[in-house]
Amino acid sequence: MSVKEQLNSLLHQLNEEDVTLVAISKKKPVEDIRSAYEAGQKIFGENRAQELVKKRSQLPEDIQWHMVGHLQRNKVKKIAPFVSLIHSLDSLRLAKEIDKRAQQNERVIDCLLQIHIAQEKSKYGFAYEEVEELLQDKAFQNLTHIRIRGVMGMASFTGNTEQVGEEFKSLNTFFKKLKQEYFAGNDHFSELSMGMTNDWKIALEEGSTMVRIGRLIFGER
Ligand SMILES: *Cc1c(COP(=O)(O)O)cnc(C)c1O
């Protein structure tokens, strides 16, 4: 199937649910992104700042660009002028840098807290306790130019669907706890970004509000 056909079939399935699709276009050419755009997709995600900036310059301006991969601090200034959501906020130092660059661009940048929920070891993402420490940290609370919109997590890379379901469920439970304890009355804290090509159906069952799908739309990388 073509990119358009894949996208339309996916959108049809997602339409039943109230969920945002972020089309992950990393390593794919701008022509593929343009096809998806012409089929109606306006939100795309990349995992490298450089690639994101380059593609943006070649594509329509009304595309909303999301950053989904680990973000190095020295790359923040490249994307700060326009990025619409950073899914991978994973340290206080990064938060401070995003805040600083947002301020320089006279904007507020929306971010998700990336949480490590998989069994595999990873350098990236907060543990649950670390998220609460961050939210209680005055230095973090004083940042005025980032807005926390929710959380993001990636499940274990496994065919064990029960395991994946448990991980998503626990992230949703934690998301609700944060909402209640730290973001009560804050309507902006509303996004639970989970689900990729291999596990988006499970993620939807467990309450995802935003799925990040690449290969299913654009083919293998
Ligand atoms: C690559 C990537 C995706 C999309 O993965 P697919 O398996 O292609 O759907 C989603 N989220 C993040 C953080 C990624 O790096």
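Things to note:
- Region 169-221, subset within 9 Å of the ligand (Cβ to nearest atom) and among the basic types (Lys, Arg), residue nearest to Gly45 (Cα to Cα): Arg212
- Members of region 179-206 found to be buried (at least 17 other Cβ atoms within 10 Å of the Cβ) and in contact with a helix residue (DSSP H, G or I) (Cβ under 7 Å, 6 or more places away or on another chain), listed by number: Phe189, Leu192, Met194, Gly195, Asp199, Ile202, Ala203, Glu206
- Within region 96-125, the set of residues being within 20 Å of Lys138 (Cα to Cα), over 15 Å from the mean Cα position of the chain (by Cα) and among the hydrophobic types (A, V, I, L, M, F, W, C) comprises Ile98, Ala102, Val108.
- Test: residue in region 146-159 that is under 17 Å from the mean Cα position of the chain (by Cα), on the phi > 0 side of the Ramachandran plot, open to solvent by less than 30 Å² (accessible area, probe 1.4 Å) and of a type outside the set (A, V, I, L, M): yes
- Positions within region 166-221 being hydrophobic (A, V, I, L, M, F, W, C), under 30 Å from Glu5 (Cα atoms) and not in a helix (DSSP H, G or I), in sequence order: Leu192, Met194, Met196, Met210, Val211, Ile213
- Residue, most open to solvent (accessible area, probe 1.4 Å), within region 160-178, restricted to residues that are over 25 Å from Ala102 (Cα atoms) and in contact (Cβ under 8 Å) with a residue 40 or more places away in the chain: Thr161
A quick yes/no check of all residues on (1) among the hydrophobic types (A, V, I, L, M, F, W, C); (2) out of contact with any strand residue (DSSP E or B) (no Cβ under 9 Å at 6 or more places or on another chain):
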{"position": "Ile146", "(1), (2)": "yes, no"}
{"position": "Gly150", "(1), (2)": "no, no"}
{"position": "Asn160", "(1), (2)": "no, yes"}
{"position": "Gln163", "(1), (2)": "no, yes"}
{"position": "Leu171", "(1), (2)": "yes, no"}
{"position": "Tyr182", "(1), (2)": "no, no"}
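- Looking at region 44-127, the strands (runs of 3 or more DSSP E) lying wholly inside it that each contain 2 or more residues that are in contact (Cβ under 8 Å) with a residue 40 or more places away in the chain and crowded, with 21+ Cβ neighbours inside 10 Å sit at 85-89, 109-116.
The values are calculated or read from the model by the stated rules, or taken from the named source; none is laboratory data. In this text the structure is predicted, and so the values were computed from the model without any measurement. Methodologically, a virtual Cβ is constructed for each residue, glycine included, from the backbone with ideal geometry; neighbour enumeration extends over all protein chains shown. For accessibility, only protein heavy atoms count, side chains too; no ligands or nucleic acids. Shrake-Rupley method; radii C 1.70, N 1.55, O 1.52, S 1.80 Å.
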